[in-house]
Amino acid sequence: MKKSLSFHTNLINFKLFFYIILSVAILFFDNKFNFSKNIRETIDFIIEPLYVLADAPNNFFKNINNYFKSNSNLKVINSALESKLKYQAARLQELESLKLQNNRLRKLLDSDNINMSEKLSMAEIIRIELNPYNKEIVINKGKENKCYVGQVVVDENGLLGQISDTQDNFSVVTLISDPGHALLGTNSRTSKRLVISGSGDDNSLEGLYVPKSEDISIGDKILTSGLDSIFPEGKLIGKVIEVTNDEKEDFLIVKISPFANLSGNKEVILLWK
């Protein structure tokens, strides 16, 4: 019995010694030849596809989620950019409008038609009469600004008309193209006077009662005479564009193109006596 127990103990000790020696040998050779590293790399190479395959569903749903999040973010960003572009486009239009207005005001102030010794004031057109038989505009100056009936209105190019009605904060201006409007002009070349009447057309005035013997030619400039007690002398009215001698008529048919922009102004100038 004792021999059997001693033999069993010796066997255990031998196994323990053997495994220790084996472990030391394995560690020595592994350190020298990197056996374990090669084995691990081989195992990793074999099982890596399994890891990828096992993680594929998770990556798939993760990518789908990221796609929809990115798509949603891109829509938000795109919407914000579109709004910004529209805002910038509106700002550019406003700047262009201010640029045009600045150019118009500069022309008004630098116009040869304006005598800087005259008392004058700027006014803005706020409404246009749509009735084709009444050539009138409404400006944003009235009695509060000391405007009065008969006051002369011009632009940078020539005579526009005169105020025909005033209210507290606006006035009505009858243009020289109005069919019921007439004034006395002077031919700058010959100093001969003639009556100028509106025709209802903003691009054409009529010279009335011009004798057939009158010296008047295409290109003659017509100015205000200053003799009608309304308009000051020397304001540009227009240029003769047509002279017709019709045997059926008692007078020459004279058409005059106005210098002023009767249908396209934004701002006008009021003159005081």
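The values are calculated or read from the model by the stated rules, or taken from the named source; none is laboratory data. Just so it is clear, the model here is predicted, and its values are computed rather than measured. Because the Cβ atoms are built from the backbone with ideal geometry, glycine has one as well, and the counts that use them run over all protein chains shown.
Would you please name the residue that is modelled with the lowest pLDDT, looking only at residues in the stretch 192-242 that are part of a loop (DSSP other than H, G, I, E, B) and hydrophobic (A, V, I, L, M, F, W, C)?
In this case the residue turns out to be Ile230.
In the stretch 129-153, the residue that is surrounded by the most Cβ atoms within 10 Å (Cβ to Cβ) out of those that are modelled with pLDDT under 90 and not charged (D, E, K, R) is Asn134.
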